[in-house]
Amino acid sequence: MLLAAAVLPGLVACGGSTSGSPTASGATSVAPVKLFDPCTQIPDDALTAAGVSPSTKESGVAGVHQSGWEICNWKGSKYSLGVFSSGRTVREIEQKQGNVEFQDVTIAGRQGRQFRVEGSSYDLMCDVVFAASQGIIELTLINNPVLDHPAPPCGLLQQAGAAIVPSLPK
């Protein structure tokens with residue numbers, strides 16, 4: 001539930017978008033993009049290696065599908081991990097108000113942009129977004145808030161991501 005509370009404001013603030021190409025009349029024809037579904041396309045052994053339990057899988061935000069996104073979350077003893085798939089761009093994520101401290105990272109040989117979200121979960125949460133042929137894939141790690149002295153979330157995300165990133169589309 002903490003993951004949903006931390007992520008939902010970010011999804012709502014993203015707003016809607018239309019993808020497609022202009023037609024001869026000047027209108028836009030909407031061609032839905034087939035999004036990567038992390039709930040069905042990330043292997044259980046990768047999730048276990050990432051430190052989360054495949055049996056805790058939850059699709060959407062608090063079980064509710066978000067239009068334009070495929071979202072899946074899993075829990076472990078130390079943190080929760082979310083994988084988000086969208087037709088959006090890395091630039092849109094970089095320009096979203098509240099997303100801060102962007103820096104280039106490499107996880108499992110793949111270039112991405114690590115960032116943090118301002119607010120109450122700042123010290124508990126870290127995100128990395130990767131460009132993909134469909135748009136983006138984003139990983140979000142949220143430390144368990146009841147743990148005393150949790151490890152820095154961006155370091156944990158680097159470790160967890162090493163197990164997940166090879167399963168992600170390019």
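The values are calculated or read from the model by the stated rules, or taken from the named source; none is laboratory data. Fair warning: this is a prediction, and the values are worked out from it, not measured in the lab. Note that we place each Cβ from the backbone using ideal geometry, even for glycine, and neighbour counts take in every protein chain shown. Quick note on the areas: whole protein, heavy atoms, side chains included, nothing else; ligands and nucleic acids left out. Shrake-Rupley method; radii C 1.70, N 1.55, O 1.52, S 1.80 Å.
Please pull out the direction-averaged projected area of region 36-91, using the convex hull of its alpha-carbon atoms, in nm² to one decimal place.
With every direction weighted equally, the projected area is 4.3 nm².
Step through the residues of region 126-142 one at a time and calculate ³J(HN,Hα) from phi using the Karplus curve (6.51 cos²θ - 1.76 cosθ + 1.60, θ = phi - 60°), rounding each to whole Hz and writing x for Gly and Pro.
Result, rounded to whole Hz: 8, 10, 9, 10, 10, 6, 9, 4, 7, x, 9, 10, 10, 10, 10, 10, 10.
For region 71-157, with only Lys/Arg (+1) and Asp/Glu (-1) charged at the beta-carbon, what is the dipole magnitude about the Cα centre, in debye rounded to 20?
260
Using a 1.4 Å probe on the protein chains only, how many percent of the accessible area of region 93-170 belongs to carbon and sulfur?
Ligands and nucleic acids excluded, carbon and sulfur give 49 percent.
Check ILE107: other-chain or 5+ apart residues with amide H under 5 Å from its amide H, H built from backbone geometry?
So ILE107 has HN proximity to GLY112.
At a probe size of 1.4 Å, how large is the accessible area of THR56, to the nearest 10 Å²?
Accessible area, nearest 10 Å²: 50 Å².
What number comes out for the charge environment of LEU141, summing +1 per Lys or Arg and -1 per Asp or Glu over other residues with Cβ under 10 Å away?
0
Check the straight Cα-Cα distances from LYS78 and name the lysines below 23 Å, setting aside those fewer than 8 residues away within the same chain.
Filter leaves LYS57.
How big is Rg to Rh over region 65-126, alpha-carbon atoms, Rh as the Kirkwood inverse-mean-distance radius?
In region 65-126, Rg relative to Rh is 0.96.
With the convex hull built on the Cα atoms of region 106-169, state its orientation-averaged projected area in nm².
Here the figure is 4.5 nm², rounded to one decimal.
Past the 26 angstrom mark, what percentage of all C-alpha to C-alpha distances in region 56-170 do you count?
Roughly 12 percent, once rounded to a whole number.
In whole Hz, what ³J(HN,Hα) sequence does region 68-83 give by Karplus (6.51, -1.76, 1.60; θ = phi - 60°), x for Gly and Pro?
For region 68-83, the Karplus-derived couplings read x, 9, 10, 10, 9, 10, 9, 10, x, 6, 9, 7, 10, 10, x, 10 Hz, x marking Gly and Pro.
Would you please put 136-143, 147-154, 125-132, 162-169 in order of how densely packed they are, using the mean number of other Cβ atoms within 10 angstrom per residue and starting with the highest?
Final packing ranking: 136-143, 125-132, 162-169, 147-154.
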